[in-house]
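Enquirer: Handing you this structure, nothing more for now.
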Amino acid sequence: MCAKTVIMAVLALLFCRGAEAQDVIPDVRLEVTVQQREEGKLERGLHLLELSCWSRQCSLASVSLNQCGESGQGKPAFFPRLQRSSTAEGNLSVQKIGDTLIVKETGSDIGGDYVNNFRFEYEPATKGALATRLIGFSGGFVKDSAILKKVLTVEYVPLPKRNQVVSLDCGALLPGVDRQ
């Protein structure tokens with residue numbers, strides 16, 4: 001009877017360790033460019049997302065491009081915006097389900113609080129290598145806008161090819177040194 005108990009305990013321990021290993025966040029660097037669709041309309045702005053995970057810690061960086069507006073210099077331009085979140089900072093959570101990373105980013109800005117939700121489906125890398133091939137993506141956000149006084153729901157639509165050349169609608173307004 002005692003030997004059966006020991007064998008069952010060993011099997012349970014091995015099974016639990018195997019299940020834990022499947023849920024471990026892999027080392028990845030996954031990139032995708034998305035556009036926002038709101039109320040059926042696809043916006044012209046582009047948002048380059050990069051999800052990086054290393055040793056079970058993750059960060060998400062976003063660079064916004066092509067959101068053209070008045071530049072104050074007589075022609076339209078966009079100011080590239082960089083946003084960052086991480087599991088270490090507590091504003092990003094990442095869960096692995098199969099070969100998909102479920103990502104939740106929270107924050108607030110001048111317009112209100114927001115929650116971004118993403119699904120990054122990737123091709124697993126060989127043991128010890130970094131996974132970089134993104135094979136599926138979906139995402140969106142919900143924002144309670146204090147300015148518009150309504151809740152906004154936006155879908156992120158990925159560009160259709162792995163790499164592509166995209167012409168921007170206006171130039172970039174970039175900072176430099178303010179010399180007198």
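Computed from the coordinates by the stated procedures, all read-outs in this text should not be read as laboratory data. Not measured: the values here are computed from a predicted model. Quick reminder, even Gly has a Cβ in these numbers, built from the backbone with ideal geometry, and neighbours come from all protein chains shown.
Enquirer: Not counting the cut sites, what is the longest span of the chain without trypsin sites (Lys or Arg not before Pro) that DSSP labels loop and that have at most 15 other Cβ atoms within 10 Å?
Expert: Maximal segment without exposed cleavage sites: 57-126.
Enquirer: Using +1 at the C-beta of Lys and Arg and -1 at the C-beta of Asp and Glu, which of Tyr114, Leu174, Tyr156 has the Cα lying farthest in the positive direction of the dipole of the chain?
Expert: Selected residue: Tyr156.
Enquirer: Can you match Rg and Dmax of the Cα atoms in Å to one of these, (i) 21.3, 87; (ii) 20.2, 72; (iii) 17.3, 61, based on a calculation from the structure here?
Expert: The value matching this structure is (i).
Enquirer: Hey, what do the phi angles of the range 92-107 turn into as Karplus ³J(HN,Hα) couplings, whole Hz, using 6.51/-1.76/1.60 and θ = phi - 60°, x for Gly and Pro?
Expert: Per residue, the Karplus-derived 3J(HN,Hα) values read 9, 10, 9, 10, 9, 10, x, 9, 10, 9, 9, 10, 10, 10, 10, x Hz.
Enquirer: Related question: Under unit Cβ charges (Lys, Arg +1; Asp, Glu -1), what dipole magnitude, rounded to 20 debye, does the chain have relative to its Cα centre?
Expert: Here the size comes out at about 280 debye.
Enquirer: Continuing with this model, one more query. On C-alpha positions alone, give me the angle between the axis of helix 2-23 and the longest principal axis of the chain, in degrees, nearest 10.
Expert: 10 degrees
Enquirer: Just subtract the alpha-carbon distance of Val142 and Arg81 from 0.36 nm times their residue separation and send over the number in nm, one decimal.
Expert: 20.0 nm
Enquirer: Only sites in a loop by DSSP and with at most 15 other Cβ atoms within 10 Å count here; which GluC sites (Glu not before Pro) in the range 74-180 make the cut?
Expert: Glu89
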